[in-house]
1. Suppose every K and R has +1 on its Cβ and every D and E has -1 on its Cβ; what is the size of the dipole of segment 133-247 about the Cα centre, in Debye to the nearest 20?
2. Run the lone-cysteine check on the chain: no other Cys C-beta under 4.7 Å from the residue's C-beta.
3. On the protein heavy atoms, probe 1.4 angstrom, tell me the percent of accessible surface of segment 1-137 carried by carbon and sulfur.
4. From the convex hull of the Cα coordinates of segment 118-208, what is the mean projected area in square nanometres?
5. Given charges of +1 on the Cβ of Lys and Arg and -1 on the Cβ of Asp and Glu, with all other atoms neutral, how large is the dipole of the chain about its Cα centre, in debye to the nearest 20?
6. Heavy-atom accessible area per residue, segment 1-85, 1.4 Å probe: how many Å²?
7. Per DSSP H run of at least 4 residues, take -39500 (n - 2.57); add these up for the chain, divide by its residues and hand me the 222 nm value, nearest 500 deg cm²/dmol.
8. Of the listed peptides 225-235, 74-84, what is their order by residue-averaged count of other C-beta atoms within 10 Å, with the highest listed first?
Amino acid sequence: MVKLAIETELDRAAAFAREAERIAVLTGAGVSAESGVPTFRDAGGLWEGYAIEDVATPAAFARDPRLVWRFYNLRRDNLRSVRPNAGHFALAELENRCAHFALVTQNVDGLHRQAGSRTIHELHGNLTRTRCTGCERIEDRGLEPLDDVPHCTHCGALLRPDIVWFNEMLPAGIWESAETAVAECDVLLVVGTSAIVHPAAGLIHTAKQFGGRVIECNLEPTAASSLADVVLLGKSGELLPRLVNKLG
Ligand code: OAD
């Protein structure tokens, strides 16, 4: 019987993963799409309904914190009804099977942790956390409803979401750990990202530069596909469990 093309690609990816002593994973919004979390740049994505410069820059927050908080409070509300999907669980299982593993995510939804992943580098922050613009205190508020424009209970200053906005640096320690994990990996699995937002997307080049193999899993070809050794085209919630099952 002739093997389907995707089966052949899954076999190749599994062979690379089996040989690898160190595996790193880079995820983007696509891994959470099947959980019902909107992506950014697909049809109906968040950046179709909102302008980045209105809700996701320091200048936007300085100009209109109420509008920015409305955007993030809606996203926080949406997370209440959301659960990890089979793709998140497969990545947690992959970590169990690999001695040296790191998951680097651009996502701020916390679903990898809920699914059981342990070594997580959250490059862009997390929706559950607030950061005080006065005393810098970071608090995990879970998904409890926040005021329209919340203020710090300690110093009274305005709170902001603990999210990395455009024109801001990534948290230094987290970025360095992520970069090291990717530079050292034998395989980088890139899942559900359009791979156009830097510096995160640069990690794919880092993996290649240091001799790692790149496996991409995405609905469609992306900016990363030309660098990938294997491209798995399809839904991560379907393909990642199949990939992990093949590891035996
Ligand atoms: P994007 O919305 O740019 O890309 C999502 C990718 O996931 C697209 O390539 C989709 O084809 C793919 N995708 C959608 N559903 C999928 C599925 N079920 N399985 C596999 N792939 C699927 O999201 P990101 O690349 O994560 O940053 O965006 C990167 C950053 O840009 C975000 O972290 C955010 C955004 O602006 C900040 O807000 C700082």
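The values are calculated or read from the model by the stated rules, or taken from the named source; none is laboratory data. Predicted model, so just to flag it, every value in this text is computed and none were measured. Neighbour counts are summed over all protein chains in view; Cβ atoms, including those assigned to glycine, are modelled from backbone coordinates with ideal geometry. These area figures cover heavy atoms from the full protein model, side chains too; ligands, DNA and RNA do not enter into them. Shrake-Rupley method; radii C 1.70, N 1.55, O 1.52, S 1.80 Å.
1. Numbers: 8 positive and 16 negative charges, 93 e Å.
The calculation lands at about 440 debye.
2. Taking the Cβ cut-off of 4.7 Å, the unpaired cysteines of the chain are 98, 185, 217.
3. On the way: 3310 of 6380 Å².
Within segment 1-137, the accessible surface is 52 percent carbon and sulfur.
4. Working: hull surface 29.6 nm².
About 7.4 nm², averaged over all directions.
5. Taking the Cα centre of the chain as origin, the dipole is about 300 debye.
6. 52
7. Details: 11 runs with 95 residues, N = 248.
Only helices count here, giving -10500 deg cm²/dmol.
8. Peptide ranking by packing, descending: 225-235, 74-84.
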